[in-house]
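Heads up: the structure comes next, in structure tokens.
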Amino acid sequence: MNNAFWREAWRNNRTPWHQREGDSDLHRFVDKFPPPPALVFVPMCGKSYDLIWLAQRGYSVLGVDLAPEALQGLYAEMNHTPVQQQDGPFVRYHAGDITTLEGDMFAVGSEHLEHVNAVFDRAALIALPPEMRQRYVTHLRKTLPVGTVILLISLDYHGGHDEGPPFSVAHSEIERLYHGVASIEQIDHYECSDRVSPAMLEGSRRAFNTVWLIHL
Ligand SMILES: C[S@@+](CC[C@H](N)C(=O)[O-])C[C@H]1O[C@@H](n2cnc3c(N)ncnc32)[C@H](O)[C@@H]1O
């Protein structure tokens, strides 16, 4: 699951994870975030409508994705031409209340995240293979301010193949990755078998989403 894999997916317009209407768990649980104009960081944001939805509610939004097609698609959706500038290893785009960094998530430093209050992780952690998940969470925990609130949507499916993305991530793994934070709780858990590809359910038939609320 290297960067070339994702670039290829975007170049070929193969983005089955994209939700045109945004994420219903974010809509249900946005009140767990500090109130607007808090700054919400969306790692591996793609062209997620969630960034626009958050900005419409008065949040400031910072996204990062390695694919220029994703970020250009996002601003096109908003009918905005963003201001673009080089920022170290990133191309920084800015329009309205939405700033995005085009580049590698692992190059984002605490200098980029020092004002972040909340994180929305949907299809980011679960898009990564096991060895990268540890690296990803370690990086987030090292670079985000203490007190940041994370809303994380995880996915688990039982049996069948586990060749993601998206990957099935056990609750025990999430608890291990976030061990030692100020608090971690499951605030919802529901079946989502009707929303995942039939190939993922082969031999298993059931998939579940869990919504986690984490305070660093
Ligand atoms: C499964 S998609 C999810 C996108 C978005 N979160 C959503 O819900 O629509 C994963 C995204 O992560 C991006 N990505 C993967 N590895 C990355 C990395 N190392 N740095 C930045 N973005 C990355 C990909 O380009 C892709 O857009």
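Going from the fewest other Cβ atoms within 10 Å to the most, the residues Glu102, Glu173 appear in the order Glu173, Glu102.
Computed extension length for Ala170-His18: 52.4 nm, one decimal, from 0.36 nm per residue of separation with the Cα-Cα distance subtracted. Its relative contact order, with pairs defined as Cα atoms under 8 Å and 6+ residues apart, puts the chain at 17 percent. Highest mean packing first, where packing is the average number of other Cβ atoms within 10 Å per residue, the peptides 39-52, 115-128, 9-22, 137-150 line up as 39-52, 115-128, 137-150, 9-22. Scattering from the C-alpha atoms of the chain alone, worked out with Debye: what is log10 I(q)/I(0) at q = 0.07, 0.15, 0.18 1/Å? For the requested q values the scattering log ratios are -0.20, -0.99, -1.48.
Laboratory data are not the source of any read-out in this text; all were calculated from the coordinates shown. Only a predicted model underlies this, so the values are computations on that prediction, with no experimental measurement involved. Counting neighbours? That spans all protein chains shown, and the Cβs are built from the backbone with ideal geometry, glycine included.
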